[in-house]
Structure formats: C-alpha cells, structure tokens
Amino acid sequence: MRSKLTDIYHFLAACTFRKMWNAFMVYCSYMLSRITGNPIHVGMPVSLTIEPTTSCNLRCPECPSGRRSFTRPAGRIDFEHFQDFVDQLSRHITYLNLYFQGEPYLHPEFFRLVKYSHEKNIYTATSTNAHFLSSEFAKETVLSGLNRLFISLDGLDQETYASYRVGGELNKVIDGIRQVMYWKKKLRSKTPYVILQFLVFKTNEHQIEEVKSFGKEMGVDQVQIKSAQFYDFEEGNPLMTGIQKHARYRKTANGSYTIKSKLPKHCWRMWSSAVITWDGKVLPCCFDKDAGHLLGSLEEDGFSKIWKGKPYRAFRKAIFSNRGQIDICKNCTEGLKHT
C-alpha cells in the first residue's frame, strides 16, 4: 500500500495547474460528446505513447514484432525527433508510455529518452521482457528517473514461459527482476514502481495464484493478471484460456468467438491520448499496431494540427456511429468487463 501511495504521489507531482486544466477541459468535452453524440473536442492529450523501436529479441506468436509481420517500416526513433515530439506536448501531458511495439531496451539511447522525459516533469513508464536487465542496466533503470516498469512474466517454468515467449529464457527474466529490486533497495529509490504482468493463456492458467505468490516473494509492487489478445480470434485459438474471468472473448451459439466487450459508442482514448510511432506517424491508440489508421505524420505537420485535424475528427465521429465495424476496436478492452 505504501509503494502504491508513493507512486500516486509521483504521478501527482507531474500534474501542474496547466496540465490539470487541460485534463479538465478534455474530460468535459468528452462527456459533452457522449451526451450529445457529437464529437466535440477541447484540449490536448493527457497521456502519450511513443515507440522507441520495433525491434524485439523474442518471437511471440500474437505480436507483430515477434512475428516479424509489420507492413509499416521497422526502425528506431532518433533522439532529436523524440526530443521534438516531447517538447511539443510536455506542457500538456502527465503520462508518457515509452513502449508500443518492440523491446525498448534494444534502443541504444533508451535511458537518454527516459531521462529527457523525466527532466520535462512527465511521469514515464515502459514495458519490457526483461532479458536485458543486467546489473548495469537495472542500476541505470533506477537512476534514470523511470516511474513505472512493466515486466512481462507469462510462466514460472521454462516450458510454460516459452510456450508464448518464444525464444525467451525464464532465468534471464527472473534475474532481471532480482537486479531491479536489488538496485532499488541499494539506492534507496522509490522508483520505478515495478509491475509483473501475467498474460493468461491456456498453457499458463494453472500458474495464476503461483505468480501472485512469486511477486510477493520478489518484492515487486504489483502483480497484474491480464487477458490476452488474439488477432484471429473468431475461430478460436489453442492458446485461449478456459477461465472466463480472465478471457477477452466468449464463445457464441454458432461456435465462433467474439469479444466480451459491448463496444460502447464512445472511447476515452480518442480524447485523452495518442500513439506516435518511431518514425513520427500519429495513430489513434495502441491497438493500431500496424498503423492502419494513420491520422497524420509529424514529419509533415506539428502535433497540434494533426490532433485537431480532419482525419482525427472523422475517426472520433466514426467511434460514435460504427465502432463495431472498426477493425482495431474489435480487440479493444474499453468497456470490457470480466465475468
């Protein structure tokens, strides 16, 4: 509980009056849009995702990076471009997620990216498969000012872990967790807030309670049990869990599968956040992994122009009218209730 309160304090410390006013205006325009059915938008993003790199060391079967299946260009962000993107939005955003696709620690200047956003008083988070958390990198992670660290841990024995994290080595992940927790204690640091994220599959569902105990043993701040996403879910997938509480999909009367979310005709993300790929493409949200809904490019326009531009307005309007027909929305957790 103490670590959670400390984490909340660090988040609030990044909330200037200007940022809070922006968030208030965004929220009011979002609620007004829901009431009227007309996509009214005021303000700038409250949070932002920036992609450091598309490169990854693993071959996870339900991930574009793992499958090496991108149709968009692969690469990594230049620091100068990152700096420009952050500078355009640092007065407005409170939360920055330095992860989209790929393994962030493969970016050669990853800690420089973190430190820059930290200097701009932005609560900064990232997600990793933990294969590169050597003692040196774990120490640098703690010193960088990173506020939140998600570590993927989808199994507690090598066979279970590698059934999804193809090419992964569980012993490296566990050692990486130990290194981060060691350096947090050694440096008497309250950050990063460490979350073990456990995606539930058929192959690892028997280890849910075990991973909770493991998290306590390691001293992490939180263990997050999360439903798994599948691209071609309509006909089912051998990796789908049978535990409905942790399933993203349900079986219909005709034997096919559909997402459990009722897909409400509104989406907070379209008002509060955006995704920027390594090469400056602006996307509606993190479910658009292959940039199929390009809303603008920062190589051509400033972010404000894109955020308020015609493509963004049209996409927000589509959310109100036919969200169920938008491909990336079919996997969305917005409105998803576990049963």
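FYI, it's all coordinate maths here, none of it is from the lab. For clarity, every value in this text was computed on a predicted model and none was experimentally measured. Here the Cβ is made from the backbone with ideal geometry for all residues, glycine too, and neighbour counts use every protein chain on show.
Side notes on the structure shown:
- Coil-residue GluC sites (Glu not before Pro) of region 50-147, DSSP, other Cβ within 10 Å capped at 16: 109
- The chain has equivalent-ellipsoid semi-axes of 30, 27, 19 Å, by the square roots of 5 times the alpha carbon gyration tensor eigenvalues, sorted largest first.
- Using only alpha-carbon positions in region 159-303, the gyration tensor eigenvalues give semi-axes of 30, 27, 15 Å once each is multiplied by 5 and square-rooted (largest first).
- Euclidean distance of C-alpha centroids, region 113-175 and region 272-332, integer Å: 28
- Within the chain, percent of DSSP bridges classed antiparallel, to nearest 5: 25
- Column: log10 I(q)/I(0), Debye, Cα scatterers of region 47-89, q = 0.31 Å⁻¹: -1.07
- For the cross-link pairs 4/185; 202/245; 245/265, the ones whose C-alpha atoms lie over 18 Å apart are 245/265.
- Most fluctuating residue given options 311, 45, 284, as computed from a GNM of the chain linking Cα atoms under 10 Å: 311
- Euclidean distance of C-alpha centroids, region 176-208 and region 47-92, integer Å: 23
- Mean Kyte hydropathy of 0.0 or more with a Cα span along the axis of at least 18 Å, helices from DSSP in the chain: 17-36
- Helix-derived mean residue ellipticity, 222 nm - over the chain, DSSP H n ≥ 4, -39500 (n - 2.57), to 500: -10500 deg cm²/dmol
- Semi-axis lengths, Å, region 151-237, gyration tensor of Cα atoms, sqrt of 5 times eigenvalues: 26, 13, 11
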